[in-house]
1. In segment 217-263, which residue that is of a type in the set (Gly, Ala, Ser) and over 23 Å from the mean Cα position of the chain (by Cα) is surrounded by the most Cβ atoms within 10 Å (Cβ to Cβ)?
2. Can you name the residue in segment 175-208 that is part of a loop (DSSP other than H, G, I, E, B) and of a type in the set (D, E, K, R) and is also farthest from the ligand (Cβ to nearest atom) among such residues?
3. Residues of segment 142-156 being on the phi < 0 side of the Ramachandran plot and more than 16 Å from the ligand (Cβ to nearest atom), which ones?
4. Taking segment 269-286 on its own, how many of its residues are without any contact (Cβ under 8 Å) to a residue 60 or more places away in the chain and either within 18 Å of ILE349 (Cα to Cα) or outside the structural domain of VAL335 (by TED's automatic domain parsing) (or both)?
5. Just the residues that are out of contact with any Gly (no Cβ under 9 Å at 6 or more places or on another chain) and either in a strand (DSSP E or B) or loosely packed, with under 12 Cβ neighbours inside 10 Å (or both), please, taken from segment 102-134.
6. When you scan segment 209-230, do you find a residue that is within 15 Å of the ligand (Cβ to nearest atom), at pLDDT below 95 and in contact with a strand residue (DSSP E or B) (Cβ under 7 Å, 6 or more places away or on another chain), even just one?
7. Across segment 350-389, which residue is surrounded by the most Cβ atoms within 10 Å (Cβ to Cβ) among those that are within 11 Å of the ligand (Cβ to nearest atom) and assigned to a loop (DSSP other than H, G, I, E, B)?
8. If I go through segment 157-174 residue by residue, how many of them are within 23 Å of ILE107 (Cβ to Cβ) and either free of Cβ contacts under 8 Å to residues at least 12 places away in the same chain or more than 13 Å from the ligand (Cβ to nearest atom) (or both)?
Amino acid sequence: MNFALSDEQKMMIATVRRFIAEELQPLEAEVEAQGFLAPDKARAIHDKAKSLGLYAMNIPEALGGAGLSAVDTMLMEEQFGHTTDILIRRAFGNVYEVLLAAQGAQIARWLTPTVRGERVCSIAITEPGAGSDAAGIRTRAVKTPSGWELSGSKHFISDGEVSDFFIVSALTGEAGKKEISLFLVDKGLPGFTLGKDQKMMGLRGTTHLELWFDKVPLEPLALLGDEGKGLQQALGVLGRVRLAQVGARAVGKASHVLQLMVDYAGQRKQFGQPIGDFQLVQQMIADSVIEVNSARLMVLHTAWMLDQGLDARDWISMVKVQAAEMLGRVTDRAVQVFGGMGFCKELPIERYYRDARIYRIFDGTSEIHRTLIARSAAKRGAALFDVNA
Ligand SMILES: Cc1cc2nc3c(=O)[nH]c(=O)nc-3n(C[C@H](O)[C@H](O)[C@H](O)COP(=O)(O)OP(=O)(O)OC[C@H]3O[C@@H](n4cnc5c(N)ncnc54)[C@H](O)[C@@H]3O)c2cc1C
């Protein structure tokens, strides 16, 4: 068992961290104040990150990505946590691995341009009536002589405004059967309209759109992967995305906030001494240090399982709950350590607190993942927690 980082990994981490500190963090306050990232700035950070080889690092080299292992991906994703969602999307890309199911002509039309950063893609699964129950969707694609016809709606679709196309889940096959397929749906198709941007508590700068499909004609080529296997395909790769975008990023975000807490506790004086000298403040810092380190070990252990080809689904659920809730506790303590300044918009602490809240909800709520873990414990027993099992 070797927990040491290689020189290469250390260099990669330092490069991404420097890039985030120099190019992305200076934009955060502006995005928060304006509510959007100016297109010229989005282009500039994209071009710079790409020239450093930092775009679409999760995608295999043969397809134009960096081909990182799961462990290396998580080390990078942890660094991404040191900045905000919209800046990560524009600088480093958000190439969903479900797109790797693209075949034949789909590769040149949808996959390659997305890996190159020439097209942006979002994933559209959630509907107003179907969130946790992703199989409960009503959007349907019906076979026609020329392909498919898509009708229905989605909501909360991240990055919807800038996306050029969407991976959309829809019912296919006989009515009454829960057969779901995935489709590549280009913006601009007749009958496809964008709804309103649903304003959120945090994640300023990222749009979350409603999508409406009214008999949208799709070519046969639009079917991604196997007909009727869409949900399995999506869930098969979303685990790794969850580990990266929730698990690893939560660890990065929490360690970023923790550093600010430690610095503030050392500088801020009350009763003639730094507040960091008070044991009750020390407890908040100590608990945060313990929790950040535990969550990171879980993320890396789970990534290692993926690299070994092991079934990591239970561990991904455990990380999803642990890292998301850890981030909530750390940002809550940060507000407390900063006192009134933690609540005041003059500092970014209140923003970190707001941005942390969604981690317990998207990519499967804490309740859903706890249910999966408990079911697995009932089925697999000690294999889930005993090293001797
Ligand atoms: C900022 C943001 C970005 C998003 N981005 C995307 C995106 O890009 N693409 C996309 O497709 N979706 C996206 N979503 C949707 C997100 O994945 C869902 O919000 C999430 O899956 C929860 O679904 P829901 O909101 O419908 O809540 P519900 O499923 O209605 O859940 C409500 C409450 O009931 C609980 N609950 C539900 N079922 C059970 C159960 N069986 N046992 C116990 N408790 C249960 C939940 O845990 C929760 O507490 C996004 C959402 C947000 C807020």
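1. Taking segment 217-263 as the starting set, the residues that turn out to be of a type in the set (Gly, Ala, Ser) are 222, 225, 228, 230, 234, 236, 239, 244, 247-248, 250, 252, 254-255.
Still in the list and also over 23 Å from the mean Cα position of the chain (by Cα): 222, 228.
Numbers: ALA222: 24, GLY228: 15.
Only one residue tops the list, namely ALA222.
2. Of segment 175-208, the ones part of a loop (DSSP other than H, G, I, E, B) are 175-179, 187-191, 198-207.
Remaining after also requiring of a type in the set (D, E, K, R): 177-179, 187, 199, 204.
On the way: LYS177: 21, LYS178: 16, GLU179: 19, LYS187: 15, LYS199: 10, ARG204: 11 Å.
Top of the filtered list is LYS177.
3. Just the residues of segment 142-156 that are on the phi < 0 side of the Ramachandran plot, to begin with: 142-146, 148-151, 153-155.
Within segment 142-156, VAL142, LYS143, THR144, PRO145, SER146, TRP148, GLU149, SER151 meet the criteria.
4. Here the count works out to 4.
5. GLY104, ALA105, ALA108, GLU118, CYS121, ILE123, PRO128, ASP133
6. yes
7. GLY364
8. Within segment 157-174, the first condition is being within 23 Å of ILE107 (Cβ to Cβ), and the residues that meet it are 159, 162-170, 172.
Pick out the ones that are also either free of Cβ contacts under 8 Å to residues at least 12 places away in the same chain or more than 13 Å from the ligand (Cβ to nearest atom) (or both) and you get 164-165, 172.
Here the count works out to 3.
The values are calculated or read from the model by the stated rules, or taken from the named source; none is laboratory data. What you are looking at is a predicted structure, and each value in this text was computed from that prediction instead of being measured. Using ideal geometry, Cβ is built from the backbone for each residue, glycine included, and neighbour counts are taken over all protein chains shown.
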